[in-house]
Every structure is written in structure tokens, then in C-alpha cells.
Amino acid sequence: MVTPFAEKLLDWYAENARDLPWRGMADPYAVWVSEIMLQQTRVETVIPYFERWLARFPNLRVLAEASQQDVLNLWEGLGYYSRARNLHKAAKMVINQHGGELPADVASLKSLPGIGPYTAAAIASIAFGLDEAALDGNIRRVLSRTFNVSQALGSSAGEQRLWTLAREHLPSGQAGDYNQALMDLGATVCVPREPACDRCPLFELCEARELGVPNLRPVRKKKDSIPHHTVTAAVIQRNGNVLIGQRPEGGLLGGMWEFPGGKTEPGETLQACLKREICEELGADIEVREPLGVYEHAYTHFRVTLHAFRSALLSGEPQPLGHDALRWVPTSELNDYPMGKIDRQIADSLKG
């Protein structure tokens, strides 16, 4: 039996579903790629990356056989780079352990790198038609408002309540449309601030609207303040080449390339920080010369202000003590090396 909640939602979706490039694709690989890209990233940002990705890696086997550098290059600018590394690792696992076919059950999907409960349920319902409920940020917001969920997001009680609601209203045989309808409604109508309640198909059912508290749902835990770090980077050039290092695989921006440097310590000048970091990371001594630029960036859990300086080697041949690899690269070839946003800005300034 289809509940009134699901019925209104599906009727609305039939008329208002977003036209997205991965919608209607029969290929589970394409659904998987789209769901990974959509993690913590807006749809309009994802669309051109998804289209370029499928053009370059049209199937799972081509992805598995690609180099990590090619994968990261294509992902550059989309952020959360562990997603790209995990896609690459998972593709190899599917080739080796599942005969090249993405598994159709939630347990097997969750065993692959980068696939958690939501992504597994989304793939299972959309790509394979399984009756699996999913919870992402948009779905949590719609459910929290419609059923006036008072427990905080992320709390065990809140999560249990939301999963119960999502499963309780899941229409058998229509889970893919149901989950995507909830996502679309949260993205286009039941938005975080000032929801368009007058256009919502759940208007009559929404308890938060009736109580006048839609902007107070979902309930959120108080966020801790985000730390700020001051960072330095050295642009070291020799014989027309510039030195870059590959960040360690398991850390932030793992596998990406950067201009070496690091965080300042309390009371430390920028120049002293950079000389210390280069000694620790490269086993070399440098002269810190003129500033090249100041760059700001916010990550998920912290913010940075990075000061880049032109620098010259005084002694010691750089060694990858703090990196997986080092390269002396012509500035004209820096685009061949995947970088985070700040390092790409520095690279672009050098080419300019």
C-alpha cells in the first residue's frame, strides 16, 4: 500500500523531476559515479564533471586500468579527492572480485571503498530497483519538516527516527523514484532557508509548516568554531623547472601535487616557518625571497591562509621526506599534475 506521503511525492516527481544527465541511464556504473560525485557537492557543479568523466572513463574497466594521476587530473576542482581515489580503488576491486559487474546488493556495495549506507541504498534502489530507503541531506530535511522531527541531526535518536520514516513510507517497487523525488524536493522546494511551502506537494501533510517552524527543522547540533591555520609554501625554481611534491596517499589531498611548505608554529615568522618546513620535508636549506601571493581557502573542518614565496636552494638536494615523490617540472607542464585549489592558483600565476 502506498502512503499518502509517498503518493503525493511520486505524483509531484512525475511532473517535476529534474533533467539530469545520469537520470534514466541503465548503466549502474553511471549511477555509481553520479552518486559519488554528488556527495557534499551541488548538482550544477557535478554535471560537467560527470559528462567529462564518462567521456574519459566510459565504463568500469577503463577506469580500473587508468592511472591514479589521470583520475585525479579529471577530478581536479571537484574537491574531496578521496572520492576519486576510492572510485579508482573500487573499480579495481569490482574487476578482481565481482567479475567486472557492480554488485547489486547493499552489503556488497558497502564493502567497496567510498560507499557508505546512503550511497549503497541510492545505487541499489536507482540502478537495481531494490526496495532500499536512502538518507542524504535533502531527504533528512524533507522528512524532518514533514513529520516535525525534534531530535537533532546526527544524534542516534534523530537518525533512528529518520530511517524509520524513510522506510515506513517506501513504496514497494518504486524505491528509486521515491528516493530521487525526496532528493529533488529538498533541492528545489524544501530548501534549507525560506522553503517554498506554497509549491510543495506535501503542504497539507507538513507538520512543521502547520506549526510555523519550517525554518527550525531540521534541528542541528551547535557547531564548533572552525580553526584557522597560517601556511607557507616555497616556489623553488632551477634551470627553468619548478619543484613540486606529491602529497602522501592517506592524508588530505592524498596523491595530489603541491608546492612544499607547511603550517606556522606559535610565534614563528612566515620565513622561519618556510625554512623549517623545507628542511623537515625536503632535507634542504633555502633562502626565502620575495612574496608570490596570499591565498585563502576553506576546507570542511578548517580554513587556511597560505603565503607563497619565491625561494632558492642554498644546500642539499631535495629528498621526498614528507612526500611520496618529488618532481622538477617545467611551468608549461604543471597542468599535467593534479593539484588542490590553492596550489593550482600558484601554478597558474607562474605560467602567467
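Here the relative contact order of the stretch 228-351, from alpha carbon pairs under 8 Å that lie six or more residues apart, stands at 34 percent.
Remark: relative contact order (the chain) = 15 percent; criterion is Cα-Cα distance under 8 angstrom and separation of 6 or more residues. Only lysines eight or more places from Lys89 in sequence, or on another chain, were considered; those with a Cα closer than 29 Å are Lys110, Lys341. When both bridge partners sit in the chain, DSSP labels roughly 70% of those beta bridges antiparallel. Model label points for Asp348 and Ser150, set 7 angstrom from Cα along the Cα-to-Cβ axis, are 5.0 nm apart.
Taking each residue as 0.36 nm, the span from Gln39 to Ser172 lengthens on full extension beyond its C-alpha to C-alpha distance by 45.3 nm. Summing charges over neighbours of Arg56, with a neighbour being any other residue whose Cβ is under 15 Å away from its Cβ, gives -3 when K and R count +1 and D and E count -1. Simple spin-label estimate for Lys263 and Asp27 gives 4.2 nm between the two label positions (7 Å along the Cα-to-Cβ direction from each Cα). For the pair Ala107 and His301 in one chain, pulling the backbone fully straight at 0.36 nm per residue adds 66.9 nm over the alpha carbon distance. Listed values [x] 45, 25, 16; [y] 103, 46, 15; [z] 41, 18, 17 include one computed from this model; for semi-axes √(5λ) of the Cα gyration tensor in Å that value carries the label [x].
Among rounded, prolate and oblate, which fits the stretch 173-226 when a ≥ b ≥ c are the square roots of the eigenvalues of its C-alpha gyration tensor, a/c under 1.5 means rounded, and a/b larger than b/c means prolate?
oblate
Tally the DSSP beta bridges in the stretch 228-351 and give the antiparallel ones as a percent, rounded to 5. Provide the component values of the computation, followed by the final result.
Working: 24 of 34 bridges.
Of all bridge pairs located within the stretch 228-351, approximately 70 percent are antiparallel.
Each residue, Gln160 and Leu10, gets one label point 7 Å from its Cα in the Cβ direction; the gap between the two is 3.0 nm.
Rounded if a/c is under 1.5, else prolate if a/b is larger than b/c, else oblate: which is the stretch 75-141, with a ≥ b ≥ c the root eigenvalues of its Cα gyration tensor? Oblate, since a/c reaches 1.5 and b/c is not below a/b. Where a ≥ b ≥ c are the square roots of the eigenvalues of the C-alpha gyration tensor, would you call the stretch 228-351 rounded, which needs a/c under 1.5, or, failing that, prolate if a/b is larger than b/c, or oblate? It is rounded, given that a/c, with a ≥ b ≥ c, falls under 1.5.
Where a number appears in this text, it was derived from the coordinates with a stated rule and is not lab data. None of these values were measured; they are calculated from a predicted model. Cβ atoms come from the backbone with ideal geometry, glycine included; neighbour counts cover every protein chain shown.
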